[in-house]
Amino acid sequence: MVYMNAKNNLEVDALDNFYSMAQVGGNDRVNLVVQMGRPAKHYTDSDDAWSGVMRFLVKRDTKPRPGDAVEDLRQGGEVDMGAPDTLAKFVDWSMEKYPATRYMLIIWNHGQGWRFQLAREFNVRAMASSRSLTANASSQLKSSLSSVPPLNGYRSVSLDEDTGNILFNRDIQGVLDKRFTNKKLDVLGFDACLMSMVETAYAFRNSVGTMVGSEELEPGEGWQYAAWLLPLLKNPRLDGAGLAKAVVASYQKRYGDVNLTTLSALDLSRAEEVAGATSALGGELQRRLSSERGAIDKARSGITPYGQAARLATSVDLDFFLERYGARTSNGTIKSLVDKLRASLKKMTIVNYASKRDLPMYGSRGLAIYFPATQADYDQDPDHSGYRKSNTDHPVEFVQKQQWADFLSAYLQ
């Protein structure tokens, strides 16, 4: 189930990814369904330049065009791809129309910002694209990039430019918690930027078995669908962890060590354990802040945060911070808590890929956490209010229930 929100400046990339899926398509044992949204104001005029939302059963050589859709949702008015009810209806429709033994849901969109890494200059990216572009797409895209809010991986993922609405992680959590109670969703994948975070993983601990996401920005090209669909078609009995490994392996093969790219697969049965260990450490750090601040400062200041191209400086690799901090603190109790958390993180990480270019500055062991280095960095995050305990607008459960937010509040004062 691919929830492909291209009602934004990722329209070109969405069509490319759709064609990648259609290189392989589904078969009599694997159904591949896509709900695609395209914007009212196009960035490309290819594939009939339609607007709105359609559903497709993707077979080999299926085209992302009205004639190939199995359901056209444009007749009932505008469909908001940034609304939880839209996602809920897609999941319900998919499971009713195409029942399966195992399910994977992919949320395809911005994540925390832009997916432009392979070619930061628009004209280079346009020339490299296999899809035709509208004459005014360059200025349109530049304008869109300047106005798109930098969505936070710990908080939201999917922007619908036509409605201006965002799909919050808490929305997705609500949708999945209601539908996957007795049996968990096998794989939840985020083909989007900066979603592999403790906060995100914790949100889906009760409804999802395996999560796939990136700590860093994703290239516009995103996941390599044809590459990981092939092993699934050959072995439809592949379990969630096995399929997640195939996704990560194909991503690593495509991007290697050229760009600042990451992707990890996480066992969410360990999410509660990791969150608890993080909370315990956060509580202890808050209690001993006066004596530990120097070691914390040195450990955190040596790490480059993710998403700098999206104007953010708020998330860092958790294990990398723990390694640096554990080597600097002399407190035995804290060292023990650090070791316990690092052990839990290792158990939670099924597989992790990070470009060698990424490792020296970022660490990138598979799971990030919200950790602005200064009050100024926190204040400059447009969505920082979501990390307050008092927040009631799509509250983040990790913030509500664990002590990391309490530690950050004290630390950043």
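The values are calculated or read from the model by the stated rules, or taken from the named source; none is laboratory data. Worth saying up front: this structure is predicted, and the values here are computed from it rather than measured. For neighbour counting, all protein chains shown are included, and Cβ atoms are generated from backbone atoms with ideal geometry for every residue, glycine included. SASA here: full protein model, heavy atoms, side chains in, ligands and nucleic acids out. Shrake-Rupley method; radii C 1.70, N 1.55, O 1.52, S 1.80 Å.
Quick one: in segment 363-406, which of the residues that are among the small types (Gly, Ala, Ser) and in contact (Cβ under 8 Å) with a residue 12 or more places away in the chain is most open to solvent (accessible area, probe 1.4 Å)?
In this case the residue turns out to be 373.
Scanning segment 304-325 for residues that are open to solvent by 10 Å² or more (accessible area, probe 1.4 Å) and of a type outside the set (Gly, Ala, Ser), which turns out modelled with the lowest pLDDT? Show your work before the answer.
Our first condition is that a residue be open to solvent by 10 Å² or more (accessible area, probe 1.4 Å); within segment 304-325, this holds for 304-305, 308-309, 311, 313, 319-320, 323-324.
Applying the additional criterion that residues be of a type outside the set (Gly, Ala, Ser) yields 304-305, 308, 311, 319-320, 323-324.
Working: 304: 95, 305: 95, 308: 79, 311: 71, 319: 98, 320: 98, 323: 98, 324: 98.
Step by step, filter segment 304-325, then rank; the result is 311.
So which residues in segment 291-327 are part of a helix (DSSP H, G or I), more than 19 Å from residue 260 (Cβ to Cβ) and small (Gly, Ala, Ser), if there are any at all?
291, 294, 295, 299, 301, 326
Quick one: which residue in 390, 336, 330 is assigned to a helix (DSSP H, G or I), small (Gly, Ala, Ser) and either over 29 Å from residue 172 (Cα atoms) or over 18 Å from the mean Cα position of the chain (by Cα) (or both)? Full working, then the answer.
Details: 390 fails: assigned to a helix (DSSP H, G or I); 330 fails: assigned to a helix (DSSP H, G or I).
After applying the criteria, what remains is 336.
Which members of segment 13-37 meet the condition of being open to solvent by less than 10 Å² (accessible area, probe 1.4 Å), outside any loop (DSSP other than H, G, I, E, B) and either at positive phi or in contact with a helix residue (DSSP H, G or I) (Cβ under 8 Å, 6 or more places away or on another chain) (or both)?
15, 17, 21, 33, 34, 35, 36
Which helices (runs of 4 or more DSSP H) does segment 158-242 wholly contain that include 3 or more residues that are touching a residue at least 60 places away in the same chain (Cβ under 8 Å), over 22 Å from residue 349 (Cβ atoms) and under 19 Å from the mean Cα position of the chain (by Cα)? Steps first, answer last, please.
Values: elements: 169-179, 198-203, 225-234.
Counting at least 3 such residues, we get 169-179.
Give 278, 262 a once-over and let me know the one that is touching a strand residue (DSSP E or B) at 6+ places or on another chain (Cβ under 6 Å), β-branched (Val, Ile, Thr) and either touching a residue at least 12 places away in the same chain (Cβ under 8 Å) or more than 19 Å from residue 192 (Cβ to Cβ) (or both). Write out each step before concluding.
Values: 278 fails: touching a strand residue (DSSP E or B) at 6+ places or on another chain (Cβ under 6 Å).
The match here is 262.
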